Amino acid sequence: MYSSNLKGFILAMVSSAFIGSSFIIKKKGLRRAGVNGPRASVGGYGYLLEPLWWIGMITMIVGEIANFVAYIYAPAVLVTPLGALSIIVSAVLAHFMLKEKLQKMGTLGCLLCIVGSTVIVLHAPEEESLSSVEQIWELAIQPAFLLYTAAAVAITLVLVLHCAPRCGQTNIMVYIGICSIIGSLTVMSIKAIGIAIELTLEGTNQLKYFQTWIFAMVAITCIITQLNYLNMALDTFNTAVVSPIYYALFTSFTILASAIMFKDYSGQSASSIASELCGFITVLSGTAILHSTREPDPPIITDLYTPISPRVSWYIQGNGELWKQKDEDGSPPTFITILRQDYFKIWFLARRL
């Protein structure tokens, strides 16, 4: 068991490094794409033509593959919380590459994430051995997990159809909520596929079962949905805010889904469960500190009347000519006269700008 968990731990570490880096690379790609066309946050897909975004995408795929294999060897309650390491990678790289300042308290947040992850690893439960995809299917159709799945789909539809069009651009929880809830179903499907592949490679063909293909279709659908709304979240909000909140929600829902479907905590002592919960709370505390110590992205300029710089002011003189003065050069003119007959001339000049 410990050898299997160790393999899962190493793969989860590798996965976190790649996924944390992918956030930064994709963010830079999204910024470049937003210069030449509609941003992803407003429904634009210009980032698909941006090579840097694809490099970030490939990096994320490599990380997800490592994560995929980690779920074969270790339970979700061990692998998923280790995603906290991707937050540390993302925060540090954002500090140097995106100029999103990491304050001193952010370092404490990173340390708490490491400590919490260590506690979780030391008290990870032993996973039940499964011999066929049909066994996994029986776990997936048990009433408790079907109820969770129905609730997850219903909440996601409400967020996508009702909340996203109305407040998705202002409320970070909308896009990340969609990614996190759907992500828990993604992990359950990927774990089933991983076990099916492992059993097939060992000589027991699992591809002949229709359940394997159902899990595959669910995983593909969920992954596409996650990527779409994660791109929208990254393009709308600060990376250092998106990463920890996404991690906290995604991990919480995944642990809940795994506990319901695979009964991870069955047979564990109360002290082990309490230790894992303490470790998870410690990780959440670290992500909360990271979130609270980061500055939000500046507002996006959407019209001609937004100042070009917070230190530059534009004034219209009585003759209709434009005059610019930087704040540091001195105080603005004390008297500005705008004649009524110059109204249309001023309007024309504003349109030219």
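Out of Thr212, Thr221, Thr156, Thr200, one residue alone is over 22 Å from Tyr265 (Cα atoms) and open to solvent by 70 Å² or more (accessible area, probe 1.4 Å). It is Thr221.
Consider the range 81-105 and keep the residues that are within 14 Å of Lys28 (Cα to Cα) and of a type in the set (D, E, K, R). The one that is most open to solvent (accessible area, probe 1.4 Å) is Lys99.
Does Ala70 satisfy the condition of being within 24 Å of Thr212 (Cα to Cα), of a type in the set (Gly, Ala, Ser) and out of contact with any strand residue (DSSP E or B) (no Cβ under 9 Å at 6 or more places or on another chain)? Walk me through how you get there before you give the answer.
Details: within 24 Å of Thr212 (Cα to Cα): yes; of a type in the set (Gly, Ala, Ser): yes; out of contact with any strand residue (DSSP E or B) (no Cβ under 9 Å at 6 or more places or on another chain): yes.
For Ala70, the condition - within 24 Å of Thr212 (Cα to Cα), of a type in the set (Gly, Ala, Ser) and out of contact with any strand residue (DSSP E or B) (no Cβ under 9 Å at 6 or more places or on another chain) - is met.
Inside the range 28-41, can you point out the residues that are more than 15 Å from Ala233 (Cα to Cα) and either modelled with pLDDT of 80 or more or among the charged types (D, E, K, R) (or both)? Across the range 28-41, the qualifying residue is only Arg32.
Of all the criteria given as (1) farther than 30 Å from Ser258 by Cβ; (2) open to solvent by 10 Å² or more (accessible area, probe 1.4 Å), the one not satisfied by Leu108 is (1). Scanning the range 123-152 for residues that are hydrophobic (A, V, I, L, M, F, W, C), over 23 Å from the mean Cα position of the chain (by Cα) and either closer than 18 Å to Ser285 by Cβ or surrounded by 15 or more Cβ atoms within 10 Å (Cβ to Cβ) (or both) turns up Ala124, Leu130, Val133, Ile136, Trp137, Leu139, Ala140, Phe145.
I'd like the full set of residues that are within 16 Å of Phe18 (Cα to Cα), open to solvent by less than 10 Å² (accessible area, probe 1.4 Å) and more than 15 Å from the chain's Cα centre (by Cα), limited to the range 62-80.
As a first pass, look at the range 62-80 and keep what is within 16 Å of Phe18 (Cα to Cα): 62-70, 79-80.
Applying the additional criterion that residues be open to solvent by less than 10 Å² (accessible area, probe 1.4 Å) yields 63, 70, 79-80.
Within the range 62-80, Ala70, Val79 meet the criteria.
Taking each residue of the range 204-219 that is on the phi < 0 side of the Ramachandran plot and looking for partners that are assigned to a loop (DSSP other than H, G, I, E, B) with beta-carbon atoms closer than 6 Å, six or more apart or interchain, yields Thr212/Gln206. In the range 260-277, the qualifying residues are those that are surrounded by 18 or more Cβ atoms within 10 Å (Cβ to Cβ) and part of a helix (DSSP H, G or I), and the one that is modelled with the lowest pLDDT is Glu276.
Got a sec? Which of Ile25, Ile19 is over 18 Å from Ile114 (Cβ atoms) and at pLDDT 80 or above? Ile25 is the lone residue from the list that is over 18 Å from Ile114 (Cβ atoms) and at pLDDT 80 or above. Listed by first and then second residue, the pairs with beta-carbon distance under 7 Å, at least 6 apart or on different chains, first residue in the range 117-136 and within 19 Å of Ala259 (Cβ to Cβ), second open to solvent by 70 Å² or more (accessible area, probe 1.4 Å), are Val119/Cys278; Glu126/Met1.
The values are calculated or read from the model by the stated rules, or taken from the named source; none is laboratory data. Predicted model only: the values in this text are computed from it and were never measured. Neighbour counts are summed over all protein chains in view; Cβ atoms, including those assigned to glycine, are modelled from backbone coordinates with ideal geometry. Protein only, heavy atoms only, side chains kept; ligands, DNA and RNA dropped before computing areas. Shrake-Rupley method; radii C 1.70, N 1.55, O 1.52, S 1.80 Å.
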